[in-house]
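Here's the structure, in structure tokens; my notes come after.
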Amino acid sequence: DLSVYGQDDWRVNSKVTLTYGLRWEVSPSPTESNGRDALAVTNVNDPAQLSPASTGARLWATTYGNFGPRVGFAYQPFKENEFVIRGGFGVLYDVGNGPAGDAFADSYPFLNGRSQSNVPFSFVPPSSSSNSATPITVPFSVFDPRLKLPYSLQWSVSVERALGSGQSISAAYIGNAGRHLLLTSTLLNSNSDFRFIRLTNNSASSDYRSLQLQFHRRLSRRLGATVNYTWARSVDNFSQDSAARALFRSVNSEAERGPSDFDIRHTLTGFVSYQPPVLFASGIPNLLTRNWSIDSVFNVRSADPVNVFYAVPTSFGFLYLRPDVIAGAPFYLNDAAVGGARRINPAAFEVPRDLRQGTLGRNALRGFPLSQFNLALRRRFNFNEDVTLIFGAEVSNIFNHPNFAAPTGGDASLGTRFDSGNTIHWNPTFGQSFTNAARNASGSAGSTFGANYYPGGARTVKLSAKLEF
């Protein structure tokens with residue numbers, strides 16, 4: 001990959017400052033150092049005619065017109081600097097080649113073999129002899145030879161107003177439009193030579209809009225605070241670009257357009273710090289009551305999306321499809337015996353007879369909101385100008401408010417259909433929550449930190465000591 005960029009700042013006058021630049025990106029498709037390259041293809045617009053390209057062809061042609069301009073400004077209309085207007089716009093390209101790795105690791109010809117159904121199990125391998133006309137049944141990851149670099153258009157406008165010497169309020173409008181994003185679709189039995197095709201092209205897009213409000217007070221007169229509110233809306237075709245999740249996608253990319261997996265409409269967060277005054281002028285009471293601080297962090301947000309589906313097993317993983325909606329049936333049921341006292345109603349859906357995405361939209365349902373308040377009490381001991389010892393007690397979720405995770409994974413699956421008919425093996429735990437939001441967040445993030453470091457868990461008390469020198 002090659003990136004070249006230049007940037008300049010220009011102070012037009014005492015009120016206006018401009019920042020502008022240009023970035024150029026070149027990102028060719030990857031190749032294998034010993035010549036064992038993944039197979040490029042032709043005729044991707046007609047899956048029935050899709051076939052390997054000539055030997056040595058690249059997965060996709062390199063594009064050279066990837067110029068990303070960006071510009072920003074700051075405007076102070078008054079000399080007192082109490083009122084500032086900022087804005088910016090930029091074009092940013094994504095040079096990540098991660099999806100191309102699947103073509104070298106989990107795809108024909110590097111992945112080979114065949115599958116058999118409804119035959120007696122045996123440890124004796126099948127005969128290695130095969131007819132050259134036998135279709136390839138292992139996954140085949142292919143790319144549109146006209147693939148372009150994904151890019152996003154990002155813009156923002158903000159207004160900040162000072163309230164005295166130590167406080168300020170600000171409002172910002174932020175937008176992001178992702179275009180030519182990578183989307184991998186799964187095609188089954190659409191080609192006589194390749195029965196399992198994962199096709200990646202530029203058919204995905206995303207749109208994000210948000211209004212962000214903030215109040216900030218610097219630590220003054222023993223009190224400091226920051227409070228943020230965000231209203232946001234994010235929609236896309238799919239929120240991940242890994243071929244491992246390709247089976248969640250349909251061939252019609254517009255049918256997949258819906259709320260993003262991370263679409264949270266309302267978020268209120270904040271931090272408050274207070275240093276109590278010293279109640280006594282001298283003596284032991286003075287030592288006991290000085291250098292204390294009380295801090296609080298709070299996090300309140302609306303519910304996250306839930307994607308309801310049912311599973312159909314294939315030779316290489318599951319095919320996940322959404323069900324049809326039964327008109328008039330409620331999506332949710334109140335049930336005091338389950339987490340959050342609410343579950344998704346399985347009787348609101350039915351499984352289509354054919355392999356297709358149902359009438360239920362992607363991420364059409366919602367889980368549970370989250371509310372958590374943390375409180376910390378700290379005492380500072382100043383031994384001299386260079387050495388300080390701080391003892392603290394922190395209480396996460398001080399009110400012990402239960403925050404349940406949205407049904408995800410198997411809990412969002414209606415069940416599994418093992419035959420070509422409409423018979424489905426129903427999932428008895430469908431639509432229920434079995435864990436709190438913190439454990440679910442720590443698991444999905446893949447972090448080595450425990451659930452106590454994420455919002456949404458039970459009340460937790462932590463004791464700490466910090467030596468500064």
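The values are calculated or read from the model by the stated rules, or taken from the named source; none is laboratory data. Everything quoted here is computed from the prediction, not taken from an experiment. All Cβ positions, glycine included, derive from the backbone under ideal geometry; neighbour counts span all protein chains shown. Heads up: the accessible areas ignore ligands, DNA and RNA and are worked out on the full protein's heavy atoms, side chains in. Shrake-Rupley method; radii C 1.70, N 1.55, O 1.52, S 1.80 Å.
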Taking the convex hull of the alpha-carbon atoms of region 349-469 and averaging its shadow over every direction gives an area in square nanometres of 10.8
Mean accessible area per residue over region 1-158 (1.4 angstrom probe, all protein chains present, square angstrom) is 63
Mean projected area, convex hull of alpha-carbon positions in region 279-403, reported to one decimal in nm², is 15.3
With only helices counted (DSSP H, runs n ≥ 4, each -39500 (n - 2.57)), the per-residue ellipticity at 222 nm for the chain, to the nearest 500, works out to -1000 deg cm²/dmol
Per residue, accessible area of region 339-400 with a 1.4 Å probe, heavy atoms of protein chains only, in Å², comes to 52
Straight-line reach check, Lys15, cutoff 18 Å on alpha carbons, 8 or more apart in-chain or any other chain, hits among lysines -> Lys79
Counting only protein heavy atoms with a 1.4 Å probe and every protein chain in place, the carbon and sulfur fraction of the accessible surface of region 135-283 in whole percent equals 57
Highest mean packing first, using Cβ neighbours within 10 angstrom, the peptides 264-270, 1-7, 343-349 sort as 343-349, 264-270, 1-7
Matching label for the computed log10 I(q)/I(0) by the Debye sum over Cα atoms at q = 0.08, 0.10, 0.11 Å⁻¹, out of (i) -0.70, -1.01, -1.14; (ii) -0.60, -0.84, -0.95; (iii) -0.45, -0.71, -0.87, is (i)
Quick numbers on region 314-358, Rg and Dmax over C-alpha atoms in Å, give 13.9, 40
Relative contact order in percent for the chain (Cα pairs under 8 Å, 6+ apart) equals 9
